[in-house]
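Trainee: Submitted below is the structure of interest, expressed as structure tokens.
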């Protein structure tokens with residue numbers, strides 16, 4: 001019988017993964033981000049002329065997007081969701097990780113799962129809620145993009161990149177709703193298949209997998225039957241995307257150009273759907289390149305498009321990193337057990 005080590009899935013050493021991650025990041029910054037900054041250099045002085053009131057409005061819209069995501073988390077973790085402040089800190093900590101690690105949604109999700117468990121959220125509710133939060137939010141983004149695309153194509157024409165993003169959305173929706181259908185309507189077949197697969201994996205108990213599947217199926221059924229909760233989740237997911245897109249719109253307006261909301265949402269949806277490919281942290285370089293190119297195609301002057309996207313990404317991408325770090329440190333500090341005095345410190 002082969003040793004258990006031979007059954008383990010092959011994975012690259014940690015050092016190699018770090019080298020590849022930093023290599024891809026340097027490549028994107030060097031060939032996608034820095035050239036855009038070079039083109040915008042003659043116009044960077046315009047940043048100092050931004051109206052502080054407009055900048056404050058953009059920041060408020062980004063804060064509204066983050067708050068919407070907090071409410072989305074509360075909805076999918078109901079009725080075991082911790083307080084809003086705890087959810088906010090967990091979300092900000094996960095956001096910071098996803099912004100510094102390529103494919104950071106996986107470690108961010110693992111971090112959120114661990115902390116929510118420590119905050120008392122049951123494991124099955126936690127796993128199901130976070131999965132629905134991520135995939136459901138992506139589904140909502142694709143729906144927004146498709147609606148805007150249907151309106152925009154007769155007015156602006158078709159771009160091959162639109163087709164690629166729409167096709168990716170088709171596969172996402174098929175996987176999302178297909179999984180829900182399989183678990184709720186074909187639970188017996190899914191249970192049989194998972195048990196068979198679990199028997200071939202080391203240290204995996206088929207009974208525990210079956211029990212987890214039953215609990216997840218129950219959570220899905222409860223969510224589907226509770227229309228109010230379901231629509232609340234989709235509403236908060238939609239507001240999260242729309243407030244974030246509105247932040248970008250305000251920065252474009254701040255530099256002297258007013259773009260149609262339809263054109264903006266097409267560019268925004270296209271950039272974020274393509275950024276889902278885990279090449280760089282949170283689509284760094286991909287979002288900037290796609291947004292600038294698409295906005296220019298929609299009539300935004302090149303210099304204004306670059307400055308608006310740079311300003312937007314400062315608020316959307318860079319500022320949440322240190323804030324998320326502070327949030328994670330506060331969560332760690334709250335979970336640190338108090339130090340009890342030793343016998344030597346007790347006076348008789």
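No lab work stands behind these numbers, since they all come straight from the coordinates. Treat the numbers as computed from the prediction; the structure is a model and nothing was measured. Cβ atoms come from the backbone with ideal geometry, glycine included; neighbour counts cover every protein chain shown.
Trainee: How do 227, 74 rank when sorted from fewest to most other Cβ atoms within 10 Å of their own Cβ?
Mentor: So the ranking, lowest neighbour count to highest, is 227, 74.
Trainee: For each of 99, 302, count neighbouring Cβ atoms within 10 Å of the residue's Cβ, then give the residues from fewest to most.
Mentor: Least to most surrounded, the residues fall as 302, 99.
Trainee: What does the extension gain come out to for residue 151 and residue 50, with contour length at 0.36 nm per residue minus their alpha carbon separation? Could the numbers behind the result be given before it?
Mentor: Working: separation 101, 0.36 × 101 = 36.36 nm, distance 3.21 nm.
Here the answer is 33.1 nm.
Trainee: Please rank 118, 124, fewest neighbouring Cβ atoms within 10 Å first, as an exposure proxy.
Mentor: So the ranking, lowest neighbour count to highest, is 118, 124.
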